[in-house]
Amino acid sequence: MSGSAGGAAGTAFIDGDVVPIAQARIPITDMGFLRSDATYDVVAVWEGSFFRLYDHLERFERGCRELRLELPLDRQAIIGTLQKLVASSGLRDAYVEVICTRGVAERGERDPRRFTSRFYAYAVPYVWLLPAEECERGMDVIVARSVRRIPQDSFDQRVKNFMWGDLTRALYEAYDRGARYPITLDANDDVCEGPGYNVFALVDGRLITPASGVLEGITRRTILELASERGIETAVGRLSASLLYEASELFATSTAGGVMPITRLDGQPVGNGSIGPVTRQLLSEYWAAHSDPRYATPVSYETAVKTSDPL
């Protein structure tokens, strides 16, 4: 892996303008802020190219449809906006977020059909959920027991959202138990996901990831594809909490960090307590895939604009 150490602070797209990230503001009455009435997506830029940009935008658009949000920009306009946003930041490795909110109420309006949706975006230096220098050490994870993941029939987890009350409670349980990363369960003690990451378990040579109660991550999809291409048996289905303790390898996946080895579970080592061979193989191939023309969309840095100029 390689990439910038920091670079520019970042830029944002607000009300048709590209502005420095420190100057980015949204109205306090935006329902995305007041009611979490919004959806979003995050795509990585790595070594000057977006990774699986079209897959991320397809999921973003699907989330808008599910929430009955009307995107004010079509896909080509969004792509053009993101190109200019990243180009103006100068970042070669970036964390790029797109957001669609219900919008701002007029004179106390409560009927969501009467709102005009708003689109925002920003690009900041690439974000690591597991700092890159800690990859060999891996994640220290607990299975959260004090909270259950919000049921999928209450909110569809496949729609990326800001409703993190249960995930935040799980994070505090991890901190209280001397760890940093939790895995949440549903009411049946089946594994769901962590705050911003999917979970994989290698059990008896088969790689398993949960089918329900999760965001269907783009990194998750990439790993399933890479594993299948390499002849690794995969399963998307039920993953009971008890199977986590039988796994020879565990890892998490996220746009913010890629493949992240889990080396400790509830204070005990996973396998021999180091990165397993399957995890290491998939980690390496995941980052190599970022230069694959099937997945990479180069940023047109020559289109860079001054951050005070409108698009």
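The values are calculated or read from the model by the stated rules, or taken from the named source; none is laboratory data. The structure displayed is predicted, hence computed values, not measured ones. Counting neighbours? That spans all protein chains shown, and the Cβs are built from the backbone with ideal geometry, glycine included.
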query: For residues in the range 189-211 being acidic (Asp, Glu) and more than 18 Å from the chain's Cα centre (by Cα), which is farthest from Leu226 (Cα to Cα)?
result: Asp189
field: Hits in the range 62-97 - residues which are hydrophobic (A, V, I, L, M, F, W, C) and not in a loop (DSSP other than H, G, I, E, B)
entry: Cys64, Leu67, Ala77, Ile78, Ile79, Leu82, Leu85, Val86, Ala87, Ala94, Val96
Selection within the range 274-299 - part of a loop (DSSP other than H, G, I, E, B), in contact with a Gly (Cβ under 9 Å, 6 or more places away or on another chain) and under 23 Å from Glu233 (Cα atoms): Ser274, Ile275
task: May I ask you to verify whether Ala12 is touching a helix residue (DSSP H, G or I) at 6+ places or on another chain (Cβ under 7 Å), at pLDDT 95 or above and either assigned to a loop (DSSP other than H, G, I, E, B) or aliphatic (A, V, I, L, M) (or both)?
output: yes
task: Give the residue that is surrounded by the most Cβ atoms within 10 Å (Cβ to Cβ), with candidates limited to residues of the range 98-115 that are of a type outside the set (A, V, I, L, M, F, W, C), assigned to a loop (DSSP other than H, G, I, E, B) and in contact with a strand residue (DSSP E or B) (Cβ under 8 Å, 6 or more places away or on another chain).
output: Gly103
